[in-house]
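Structure first, then comments.
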Amino acid sequence: MKLNVVTHNPGKVKEYQSALGEYGLEMVHVNREYDEVQTPYLEEVVDKGIKQLSKEGLTDFMIDDSGLFVNALKGFPGVYSAYGQKTIGNKGILKLMGGVEDRSAVFKCCIGCRIGDQTVIVTGNCPGYITYEERGTEGFGYDPIFTPNGSLSFAEIPLEEKNVISHRGVALRLLIDELKNRNII
Ligand code: ITT
């Protein structure tokens, strides 16, 4: 079955394909806009996005809204992560974290999937730490400045390993369980 992945971010499509390929699902990248409502909740963005895209006639698709929530920055960039990445970037986050001892952060990923007339929305979290410098060349976005365990950053490990522990990996496994429960895969 083909699944349309609506995103501007090819890195997400790769991670979906790596996790869902073995269930006979083939990802098709659809580089298309949907409105991202302003809210502190990723789930609300995804719920509204699914409703909008369905109304526009799209079928069999997935979207995801993700963010990096840094505790010492009171959750920033959080729901503003895409904006934070485009503006201050990883260097800017490291600058804000200069001299800050509490490096703890959480990556969150909310995935919404619409297949036929069924909707599944799941969320995965990955706790970890902000590094002291950018490290690694794998992945995308904030991967070079996030480490799940204080050792290697997400940009220093292969995608398959990132999927085992990452926020998106956790969400994808919840999605797979739910799609199995509903006999969709
Ligand atoms: P969409 O078109 O799917 O919205 P996006 O890249 O804008 O693509 P989000 O709004 O969900 O996606 O992501 C917020 C930001 O967080 C964005 O800059 C991403 O690069 C970054 N991000 C999301 N997931 C990430 C991950 O697994 N590793 C590193 N950065 C990630």
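All of the numbers you see were taken from the coordinates with simple rules; none came from a lab. Keep in mind the model is a prediction, meaning the values are calculated, not measured. Backbone-built Cβ (ideal geometry, glycine too); neighbour counts: all protein chains shown.
Provide the gained length on full extension for the span TYR80 to THR119, in nm with one decimal, where the gain is 0.36 nm per separating residue minus the Cα-Cα distance.
Fully extending the segment from TYR80 to THR119 adds 11.5 nm.
Do the alpha carbons of any pairs in LYS12/LYS86; LYS14/LYS51; LYS2/LYS180; LYS48/LYS108; LYS48/LYS162 sit beyond 20 Å of each other, and which pairs?
Check vs 20 Å cut-off fails for LYS14/LYS51; LYS48/LYS162.
In whole Hz, what ³J(HN,Hα) sequence does region 63-71 give by Karplus (6.51, -1.76, 1.60; θ = phi - 60°), x for Gly and Pro?
Couplings: 9, 8, 10, 10, x, 10, 10, 9, 4 Hz.
Report the paramagnetic label zone for LYS95: residues of region 37-73 whose backbone N is under 18 Å from a point 7 Å from Cα along the Cα-to-Cβ axis.
73
Over every pair of different alpha-carbon atoms in region 1-77, take the mean of 1/r and invert it; report that Kirkwood radius in Å.
After inverting the mean inverse Cα-Cα distance, the result is 13.7 Å.
Can you check how the C-alpha radius of gyration of the chain compares to 2.2 N^0.38 Å, as a plain ratio?
1.02
Once you put a point 7 Å from the Cα of ASP177 and another 7 Å from the Cα of LYS2, both along the Cβ direction, what distance in nm separates them?
Reported label-point gap for ASP177 and LYS2 is 3.2 nm.
What's the FRET efficiency of ILE88 with VAL164 using the Cβ-Cβ distance as r and R₀ = 30 Å, to the nearest 0.05?
0.50
How high is the FRET efficiency from ILE185 to THR59, r the C-beta distance, R0 25 Å, rounded to 0.05?
0.95
Under 5 Å between amide hydrogens, which residues at least 5 positions from ALA105 or on another chain qualify, with H placed 1.01 Å from N in the peptide plane?
Placed amide hydrogens put ASN71, GLY128, TYR129, ILE130 under 5 Å from ALA105.
Of all DSSP beta bridges in region 1-124, what percent run antiparallel (nearest 5)?
70 percent
I want to verify a result. In a Gaussian network model of the chain, Cα cutoff 10 Å, which of these has the top mean-square fluctuation: ILE111, ILE50, ILE165?
ILE165
Counting other Cβ atoms within 10 Å, which trypsin sites (Lys or Arg not before Pro) in region 28-117 have at most 11 and lie in a DSSP loop?
Qualifying residues, ordered by number: LYS74.
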